[in-house]
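Novice: Dropping a structure here in structure tokens format, bear with me for questions.
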Amino acid sequence: MTPIGKGTLAKQMQSIASIASLYGKFTNSSGRKTVIQSLRDDFDPLEISELTGHANPESISSYSHNPLEKQLPTTIQVMLYERLFSTHQPCQATQQLIVSVTTVT
């Protein structure tokens, strides 16, 4: 696996956010944090730190887990914004998010 540059990754993050109809600032660190939070549920900190390049496995503890219950208010805000201010249909990612949110609640 060949690493990609910061600039390329930054452009990809903006494209992903745009395709998913997400509003706000998304950076390389946003994606890194999300991935680490997801991995923390199923993998050992040592394995995660090897994958992410952290020298010390304890350093990933700063990436606090953001459970679904805490994500819901933000998700609902994004959906409301899209519904109120958008003239187009929600993208597929947003539609899937709506389904997952309504299934959880």
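The values are calculated or read from the model by the stated rules, or taken from the named source; none is laboratory data. Small disclaimer: the values here were computed from a predicted structure and weren't measured. We place every Cβ from the backbone using ideal geometry, glycine too, and count neighbours over all the protein chains shown.
Novice: Going through segment 28-58 one residue at a time, which ones are outside any helix (DSSP H, G or I) and either touching a helix residue (DSSP H, G or I) at 6+ places or on another chain (Cβ under 6 Å) or of a type in the set (S, T, N, Q) (or both)?
Specialist: Passing the criteria: HIS54, ASN56.
Novice: Would you check if there is a residue in segment 38-57 being at pLDDT below 70 and either out of contact with any Pro (no Cβ under 7 Å at 6 or more places or on another chain) or over 26 Å from PRO3 (Cβ atoms) (or both)?
Specialist: Checking segment 38-57: not a single residue is at pLDDT below 70 and either out of contact with any Pro (no Cβ under 7 Å at 6 or more places or on another chain) or over 26 Å from PRO3 (Cβ atoms) (or both).
Novice: Return the residue satisfying two criteria in turn: it lies in segment 1-27 and is basic (Lys, Arg) and part of a helix (DSSP H, G or I), and of such residues it is surrounded by the most Cβ atoms within 10 Å (Cβ to Cβ).
Specialist: Among them, the one singled out is LYS11.
Novice: While we're here: So the check is Cβ under 9 Å with 6+ separation or different chains; which pairs have a first residue in segment 1-14 that's closer than 9 Å to THR27 by Cα and a second one that's assigned to a helix (DSSP H, G or I) and among the polar types (S, T, N, Q)?
Specialist: Filtered contacts from segment 1-14: LEU9/ASN28; ALA10/ASN28; MET13/ASN28; MET13/SER30.
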